[in-house]
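All remarks here apply to the structure that follows.
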Amino acid sequence: MKRNKSWVHRQNNDHYVKSARKENYRSRAVYKLQEIDEKDRLIRPGMYILDLGAAPGGWSQYASKKIKPGGKLIAIDRLEMTDIPGVEFILGDILDEQTFHQCITLSGQRQIDLVISDIAPNLTGIRDTDQARSLELAKSVVDVAFKILKPGGGLLIKLFEGSEIDAFRNELTSKFQRVMVRKPRASRDSSREIYMLGCGYEI
Ligand SMILES: C[S@@+](CC[C@H](N)C(=O)[O-])C[C@H]1O[C@@H](n2cnc3c(N)ncnc32)[C@H](O)[C@@H]1O
């Protein structure tokens, strides 16, 4: 992928990029999940987790370590992801019904404790377009989560701030006992991304 000079400069000087390289994580995004996890105690041994939009794999690396012993992590991305020990990877689009069926097979029909989604559309830089695409994808993530989560389960989902965020939050509030918004330090101030966390799924 072609990167411009300012992107390369920013990457080389970013504290989280440096830490990720040092700790052998595949992405700086891992520190967003870590911060939320440390605050909200999301990930525990034995959990079944579904990681949507998982590549290159930072979140999967982190979560797959924390669910040991006994847990299972299923990761999905439409891009290839290099193997991570203990992670079951599905190459596919989350909008595709077949991907969902593969996921059910891999989970052994067991319901999922936690769905984590860092899915992002290809950004155009046009604010309204990016917001609309992100929201559309987020709605698909919620559809998947509602089909596969066990009662009491959780959902962590990335969104881009915009006018429809409140309606989205209301939808989650109708299905989860608690809904919170998180903006971890590793999420750049210049980015409009936020994370919404729903805990205590009620069918
Ligand atoms: C920001 S990256 C995820 C980074 C990841 N959390 C990590 O820690 O390495 C977003 C990912 O979402 C994936 N994605 C976007 N739309 C998708 C879709 N419809 N189905 C599956 N994956 C998708 C992209 O291919 C990309 O790899």
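What residue, of 86, 57, is on the phi > 0 side of the Ramachandran plot and in contact with a Phe, Trp or Tyr (Cβ under 9 Å, 6 or more places away or on another chain)?
Criteria check complete, one pass: 57.
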Please enumerate the residues belonging to segment 7-20 that are surrounded by 12 or more Cβ atoms within 10 Å (Cβ to Cβ), without any contact (Cβ under 8 Å) to a residue 60 or more places away in the chain and not in a loop (DSSP other than H, G, I, E, B).
-> 10, 11, 17, 18, 19, 20
Sort out which residues of segment 147-171 are in a helix (DSSP H, G or I) and in contact (Cβ under 8 Å) with a residue 40 or more places away in the chain, and write them in order of number.
-> 147, 148
One residue from 116, 94, 76 being open to solvent by less than 30 Å² (accessible area, probe 1.4 Å), near the ligand (Cβ under 9 Å from one of its atoms), touching a residue at least 40 places away in the same chain (Cβ under 8 Å) and not in a loop (DSSP other than H, G, I, E, B) = 116
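Considering only residues that are under 17 Å from residue 137 (Cβ atoms) and in a strand (DSSP E or B), look in segment 184-203 and name the one that is modelled with the lowest pLDDT. Steps first, please.
Start the filter on segment 184-203 by keeping residues that are under 17 Å from residue 137 (Cβ atoms), which leaves 191-196, 198.
Now restrict to residues that are in a strand (DSSP E or B): 193-196, 198.
On the way: 193: 91, 194: 94, 195: 96, 196: 97, 198: 98.
The extreme case among them is 193.
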Residue list for segment 119-128, restricted to those being among the β-branched types (Val, Ile, Thr) and within 15 Å of the ligand (Cβ to nearest atom) = 119, 124
Does at least one position in segment 172-181 carry a residue that is assigned to a strand (DSSP E or B), touching a Lys or Arg at 6+ places or on another chain (Cβ under 8 Å) and among the basic types (Lys, Arg)?
-> no
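For (1) over 23 Å from residue 197 (Cβ atoms); (2) of a type outside the set (Val, Ile, Thr); (3) modelled with pLDDT of 95 or more, each residue gets a yes or a no:
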residue: 14; (1), (2), (3): yes, yes, no
residue: 31; (1), (2), (3): no, yes, yes
residue: 35; (1), (2), (3): no, yes, yes
residue: 42; (1), (2), (3): no, yes, yes
residue: 46; (1), (2), (3): no, yes, yes
residue: 76; (1), (2), (3): no, no, yes
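The values are calculated or read from the model by the stated rules, or taken from the named source; none is laboratory data. Quick caveat: nothing in here was measured; it's all calculated off a predicted structure. A quick note on method: Cβ atoms are made from the backbone with ideal geometry, for glycine too, and the neighbour counts reach across all protein chains shown. Surface accessibility is based on the protein's heavy atoms, side chains included, excluding ligands, DNA and RNA. Shrake-Rupley method; radii C 1.70, N 1.55, O 1.52, S 1.80 Å.
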